[in-house]
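Can you read through this structure? Questions will come right after.
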Amino acid sequence: MSRPCQANINLDALQHNFAVAKSLAPHSKTAAVVKANAYGHGATECALALEGEADALAVACIDEAIALRSAGVTRAILLLEGVFRIDELQQAADNNFWIVIHEQWQIDSLLSFAKNYSGEEKLSAWLKIDTGMHRLGFEPSQSQAVLEQLRSIKCVNDDIVLCSHFACADTPEAAENAAQLTLFDSTFKNVNYATSIANSAALIALEESRRDWNRPGIMLYGSSPFQYGKSVMVDLRPVMTFESEVISVSHVRKGHSVGYSKQWRAERDSLIATVAVGYGDGYPLNAPNATPVMIDGVRAPLAGRVSMDMITVDVTDLPSVTAGSKVELWGEQLSVNEVAMHCNTISYELLTRMPLRAKRQY
Ligand SMILES: *Cc1c(COP(=O)(O)O)cnc(C)c1O
């Protein structure tokens, strides 16, 4: 018998969530974001499941895009940070990778690349404007000039997409969102190119941000994009169910402690279930006492520090738990957002850092 710890990936739920995203903006195109190994869910499997419906896929860098091409993905792939080096431009042209242009050096690279480029395929570019995130993108005041420069480069397609990114879409009521949208629209009020701003949170909650292209990521995986994991008004289904089993149940007398550094102490005679999952499998080390796990469909509190390969859970109130009882760390019964909240992090982090060791079952 092999170790029972695994992440079940429900590709039907993924496709369902994509359809939900699409239905919010049926006339927009959708770039399905599968960066960071599809938020830990397995980039190849997820991309193949989505490419029939998605208008493009989006990843962080060319290595992620090449891995998808090698696995047989044929859809256009958007590189959300564009190229990192000039020699990636040839690969982008050869493979129908669309490049985000966010920095002057990328334009300069395109200009020198264009001098020697004789290929037939033109590059498709998305021009990124910084409307308030202050992470990537051109200043609005430079944008017209940069757009003109980009348009003049012969190996660049004229189907340029103008894009930006929200800083506070996870709090839809924040004034910053409207300010960013206004700045975006005023920057390009006299040009006629496709635009793209919305990530998952904006797509769901900021109707005015739904444009020619939307870029949903986290919602495709069934997790709420909102702060504190606030529930969403749309019907999303969790794609990952992270599971394991109880491998031992033991009695711990009142006053005795459990686990490394004695971080949990029995306040009564207790039953402690040990589960085959730990931080080496992607369960967060900093999950505190009382973080919920589901055992045979019932909530039980974590008791003691997370180990590399095991966790301990207080099942004093669940006396029927035995070795072999099914455990869900997050997924269909317990949202990853709730676990993330206990750990002072966000679902994005828990999902994307799932290690290779956690077997994915599709
Ligand atoms: C990751 C990313 C997205 C997707 O964001 P979600 O919050 O996961 O929907 C969209 N756009 C850009 C530029 C990104 O980097």
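May I ask you to give the percent of accessible area on the range 167-305 that is carbon plus sulfur, with a probe radius of 1.4 Å?
Its accessible area is 49 percent carbon and sulfur atoms.
So, how do all the Cα-to-Cα distances of the range 243-338 break down into 10 Å bins, in percent, from 0 on up?
17, 56, 25, 1
Considering only DSSP beta bridges where both residues belong to the chain, give the percentage that are antiparallel (nearest 5).
Bridges in the chain are about 50 percent antiparallel.
To continue, here is another question. I'd like the antiparallel share, as a percent to the nearest 5, of DSSP beta bridges with both residues in the range 109-260.
Of the beta bridges lying entirely in the range 109-260, close to 0 percent run antiparallel.
Past the 29 Å Cα-Cα mark, which pairs from Lys35/Lys128; Lys128/Lys359; Lys254/Lys326; Lys262/Lys326; Lys22/Lys189; Lys22/Lys128?
Over 29 Å Cα-Cα: Lys128/Lys359.
A further question on this structure: Please list the non-local residues whose amide H lies under 5 Å from the amide H of Ala358, H modeled 1.01 Å from N, same-chain partners needing a gap of 5 or more.
none
Over all directions, average the projected area of the Cα convex hull of the range 196-238 and note it in nm².
Working: hull surface 11.4 nm².
The orientation-averaged projected area of the Cα hull of the range 196-238 comes to 2.8 nm².
Please give the FRET efficiency for Gln91 paired with Asn192, using the beta carbon to beta carbon distance and R0 = 45 Å, rounded to the nearest 0.05.
E between Gln91 and Asn192, to the nearest 0.05, is 0.90.
I've got another one for you. Through the Karplus equation 6.51 cos²θ - 1.76 cosθ + 1.60, θ set to phi - 60°, convert the phi angles of the range 277-284 into ³J(HN,Hα) values in whole Hz; use x for Gly and Pro.
7, x, 5, x, 9, x, 7, x
Can you list, largest first and rounded to whole Å, the semi-axes you get for the range 58-199 by taking the square root of 5 times each eigenvalue of its Cα gyration tensor? Present the calculation step by step, with values, prior to reporting the outcome.
Details: eigenvalues 140, 68, 28 Å².
Each semi-axis is √(5λ); the values are 26, 18, 12 Å.
Most mobile of Ala273, Ala76, Ala167 per a Gaussian network model of the chain (Cα springs, under 10 Å)?
Comparing Ala273, Ala76, Ala167 in a Gaussian network model of the chain, the most mobile one is Ala167.
Once amide H atoms are built 1.01 Å from N in the peptide plane, which residues 5 or more positions from Trp330, or in another chain, come under 5 Å H to H?
Residues meeting the amide H criterion: Phe242.
I've got another one for you. Scan around Ser124 for amide H atoms under 5 Å from its own, H built in the peptide plane at 1.01 Å from N, and keep only partners 5 or more places away or cross-chain.
Under 5 Å from the amide H of Ser124 lie the amide H atoms of Ile99, Asn157, each far enough along the sequence or on another chain.
Given 10 Å bins starting at zero, what is the percent of C-alpha pairs of the chain in each, up to the one with the largest pair distance?
The percentages, shortest bin first, are 5, 23, 27, 21, 13, 7, 3, 0.
Compute, for the chain, the length of the dipole vector about the Cα centre, with Cβ point charges of +1 (Lys, Arg) and -1 (Asp, Glu) only. Units Debye, rounded to 20.
Charge dipole, the chain, about its Cα centre: 780 debye, nearest 20.
Separate question: For the range 324-359 and the range 1-78, compute the distance between their C-alpha centroids and round to whole Å.
Measuring centre to centre over Cα atoms gives 19 Å.
I'd like the Karplus ³J(HN,Hα) series for the range 118-129: coefficients 6.51, -1.76, 1.60, θ = phi - 60°, whole numbers in Hz, and an x wherever there's a Gly or Pro.
10, x, 7, 6, 8, 8, 9, 10, 10, 9, 9, 10
For the range 182-309, what does the equivalent ellipsoid look like in terms of its semi-axes, each the square root of 5 times an eigenvalue of the Cα gyration tensor, given largest first in whole Å?
After scaling each eigenvalue by five and taking roots: 47, 14, 13 Å.
Still on this structure: Over the chain, average the accessible area per residue using a 1.4 Å probe and give it in Å², no decimals.
So the chain comes to 45 Å² accessible per residue, rounded to a whole number.
So how much slack lies between Ala19 and Gln144, counting 0.36 nm per residue of separation and subtracting their Cα-Cα distance, in nm?
41.5 nm
Of the residues Gly119, Gly331, Gly280, which exhibits the maximal mean-square fluctuation in a Gaussian network model of the chain defined by a 10 Å Cα contact cut-off?
Between Gly119, Gly331, Gly280, it is Gly119 that shows the largest mean-square fluctuation.
Sticking with this structure for a sec: With the cut-off at 1.5 for a/c, could you classify the range 1-104 from its C-alpha gyration tensor as rounded, prolate or oblate?
oblate
Cα gyration tensor of the range 130-252, axes a ≥ b ≥ c as square roots of the eigenvalues: rounded (a/c below 1.5), prolate (a/b > b/c) or oblate?
Numbers: a/c = 2.93, a/b = 2.28, b/c = 1.29.
Prolate shape, in that a/c is at least 1.5 and a/b is the bigger ratio.
To continue, here is another question. Choose one answer from Gly297, Gly132, Gly42: the residue with the largest mean-square fluctuation in a GNM of the chain with alpha-carbon springs under 10 Å.
Top of the fluctuation ranking is Gly297.
State, as an integer percentage, the relative contact order of the chain based on alpha-carbon contacts under 8 Å between residues 6 or more apart.
Once divided by the residue count of the chain, the mean separation gives 18 percent.
What list of ³J(HN,Hα) couplings, whole Hz, do you get for the range 307-318 from phi and the Karplus terms 6.51, -1.76, 1.60, once you set θ to phi - 60° and write x for glycine and proline?
Residue by residue, the range 307-318 yields 9, 5, 10, 9, 10, 10, 10, 7, 10, 3, 8, 10 Hz.
On to the next question. Let's see if you can work this out: charge +1 on each Lys and Arg Cβ, -1 on each Asp and Glu Cβ, no other charges. What is the dipole magnitude of the range 182-279 about its Cα centre, in debye to the nearest 20? Spell out each step's value before the answer.
Numbers: 11 positive and 9 negative charges, 84 e Å.
Once rounded to the nearest 20, the dipole reads 400 debye.
The values are calculated or read from the model by the stated rules, or taken from the named source; none is laboratory data. Computed from a predicted structure; not experimentally measured. Please note: Cβ atoms are built from the backbone with ideal geometry, for glycine as well, and neighbour counts cover all protein chains shown. For accessibility, only protein heavy atoms count, side chains too; no ligands or nucleic acids. Shrake-Rupley method; radii C 1.70, N 1.55, O 1.52, S 1.80 Å.
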